[in-house]
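K.L.:
Have a look at this one before I ask anything.
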Amino acid sequence: MSLSEVLAGIILVALTAYAVLAGADFGGGIWDFLAGGPRKQQQRALIAHAIAPVWEANHVWLILAIVLLFTCFPAAFARLAIVLHIPLTLMLIGIVLRGSAFMSRSYGGGGGRVFAVASLMTPLLLGVSVGAIASGAVGSARGGNFFAVYLAPWLTPFAWVVGLFALACFGFLAAVYLTLEARERELQDDFRSRAILFAALVFTIAALGLMLSPQAPLVERGLLATRWAAILHMGTAAAALTVFWALWRRRYRVARVAAVAQVSLILWGWGLSQFPYLVPPDLTIANAAAPRITLELALIAVVGGAIVLFPSLWYLLKVFKSRRAA
C-alpha cells in the first residue's frame, strides 16, 4: 500500500466517523422536526440533551477529511470544489445555520424551525454530492454551458437517491442512539418504533439505488461483480438483521453497535467500489496526490493530532455520555 493510499484510507475513515457520529446529530434534527404525540416536548428535550455536549466536537472528522483532501490530493479537491460548488456551499450554509439555530434555541432565542430544516437539507446535499462523485459525472464535466458543468452532474436520479439514502441512514442512526439515551420506557419505545421504520426505509432506498446503479458504473461493478462484493453484502445484511433483532428484543446497546457497523460497511462499500479513483473516471489516488514530502508531513501531522484527539474525545464522552455521569 502506497503512502497516498494510506492517506486516502484515513480520509475514508474520517468520513465514516463523521457519518456515524455527526450523522446521528443531523438525524436528531430530523426527529426534532418530526416530533409528535403526547411526548412531543419530551422527545425534543431528549434530542437536545443528547446532541448538546458533542455536536461541535463531531465536526472535527469533516474538518480532518477536507484538510487532508486539499493538502494531499489538491487536484481532486479543486475538481470537487469547482464542479460541486453549489451543493457544497449550500451544505456548509446548512451546517452553520443548524449550529447557530441550535445554540439560539438552547438559550430561549427561537430557531427551532431553522434547526430542523437545516438538519434535513444538509445530509441530503451531502449524499447528493457523494452520488455525483460516485456516478463519475463530476469527473466527466468538461466545458459546455453553466448547466452542463455545475448543475447536471448532481441533478441526476442516482445522486438524489443517494441523498435520500444518506438522510434515511442519519435518521436511522439517531433513532437507534436515542433509544439508549432515553431513560423512560415510553420514550425508548417512541424511538424504537422510529428506528425500525427507518431501518426498513434504508433497505428500500438502498434497493432503489441498486436499480439505478448503472448510472454509476464503478459502483455497479464493485457491488455486483467483484470478489469482495459477496462478503460486503453478507456483512451488511448480518448487521441489518442484528439491528432488527436487537430493537425487537430491546437490546439497545447491541442495536447501536450493529447500526454503526451497517452504515460503516455501506460507506466502505462505496470507497472500495471506486478504488483507485478519487474522482472517477480520471483522477486516481496516485495521479491526484501531492508530492511525497507533503504526504509524509501530512501523515506525521495526523499521527500527532491523533495523540491529542482520541484521549480528548474519550474524556468528552466519558464526562457527558456515561451512565454514571447521567
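K.L.:
Before I look further, what does the range 17-83 give for accessible area per residue, probe 1.4 Å, in whole square angstrom?
P.N.:
Details: 2570 Å² over 67 residues.
It amounts to 38 Å² per residue over the range 17-83.
K.L.:
Right, here's the next one. In debye, nearest 20, what is the charge dipole magnitude of the chain about its Cα centre with +1 on Lys and Arg Cβ and -1 on Asp and Glu Cβ, if you could check? Mind dumping the intermediate values first?
P.N.:
On the way: 24 positive and 12 negative charges, 193 e Å.
That gives the chain a dipole magnitude of about 920 debye.
K.L.:
Continuing with the same structure: Specify the inter-centroid distance of the range 257-286 and the range 215-237, based on alpha-carbon positions, in whole Å.
P.N.:
Centre-to-centre (Cα) distance: 11 Å.
K.L.:
Right, next: Which whole-number value in Å² is the accessible area per residue of the range 247-326, probe 1.4 Å?
P.N.:
Details: 4960 Å² over 80 residues.
Dividing the accessible area of the range 247-326 by its residue count gives 62 Å².
K.L.:
Can I ask one more? Take every Cα-Cα pair in the range 203-326 and report what % of them are more than 20 Å apart. Mind dumping the intermediate values first?
P.N.:
Numbers: 4918 of 7626 pairs.
Here the tail beyond 20 Å accounts for 64 percent of pairs.
K.L.:
Please compute the per residue accessible area over the range 146-209 with all protein chains in place, 1.4 Å probe, rounded to a whole number of Å².
P.N.:
On the way: 2550 Å² over 64 residues.
For the range 146-209, the solvent-accessible area averages 40 Å² per residue.
K.L.:
Probe radius 1.4 Å, ligands and nucleic acids ignored: give me the carbon and sulfur share of the accessible area of the range 228-326 as a rounded percent. All intermediate terms of the calculation are to be shown ahead of the outcome.
P.N.:
Values: 4340 of 5980 Å².
Carbon and sulfur: 72 percent of the exposed surface of the range 228-326.
K.L.:
Using only Cα atoms and rounding to the nearest 10 degrees, what angle (0 to 90) does helix 292-321 make with the longest principal axis of the chain?
P.N.:
It is inclined by approximately 10 degrees.
K.L.:
Mind checking which of Phe146, Phe170, Phe73 has the largest fluctuation in a GNM of the chain, springs on alpha carbons under 10 Å?
P.N.:
Greatest mean-square fluctuation among the candidates belongs to Phe146.
K.L.:
Please find the FRET efficiency linking Glu186 to Ile231, where r is the Cβ-Cβ separation and R0 is fixed at 41 Å, and quote it to the nearest 0.05. Could the numbers behind the result be given before it?
P.N.:
Details: r = 40 Å, r/R0 = 0.98.
In this case the efficiency is close to 0.55.
K.L.:
A further question follows. Whenever you get a sec, compute what percent of the accessible area on the range 1-108 sits on carbon and sulfur atoms (1.4 Å probe).
P.N.:
Details: 3280 of 4530 Å².
C and S fraction of accessible area: 72 percent.
K.L.:
Which order do you get for Lys40, Lys318 if you rank them by accessible area with a 1.4 Å probe, largest at the top? Please list the in-between numbers first.
P.N.:
Details: Lys40 80, Lys318 105 Å².
Highest to lowest solvent-accessible surface, that is Lys318, Lys40.
K.L.:
To the nearest 0.05, what FRET efficiency results for Leu309 and Glu5 with a Förster distance of 25 Å applied to their C-beta separation? Don't skip to the end; give the middle numbers.
P.N.:
Numbers: r = 22 Å, r/R0 = 0.88.
Approximately 0.70, to the nearest 0.05.
K.L.:
Here is a further query. Give me the number: length gained by fully extending Glu56 to Thr71, i.e. 0.36 nm times residue separation minus the C-alpha to C-alpha distance, one decimal in nm. List each step's numbers first, then the result.
P.N.:
Working: separation 15, 0.36 × 15 = 5.40 nm, distance 2.30 nm.
Stretched fully, the Glu56-Thr71 segment lengthens by 3.1 nm.
K.L.:
Just to be sure I understand, if you calculate log10 I(q)/I(0) by the Debye sum over Cα atoms at q = 0.07, 0.11, 0.13, 0.15 Å⁻¹ for this structure, which of [x] -0.66, -0.96, -1.08, -1.21; [y] -0.28, -0.72, -1.01, -1.33; [z] -0.29, -0.67, -0.90, -1.16 do you get?
P.N.:
The value computed from this structure is option [y].
The values are calculated or read from the model by the stated rules, or taken from the named source; none is laboratory data. Not measured: the values here are computed from a predicted model. Positions of Cβ are backbone-derived with ideal geometry, glycine not excepted, and every protein chain shown enters the neighbour counts. Side chains are part of the model used for accessible areas, which takes the heavy atoms of the whole protein and leaves out ligands, DNA and RNA. Shrake-Rupley method; radii C 1.70, N 1.55, O 1.52, S 1.80 Å.
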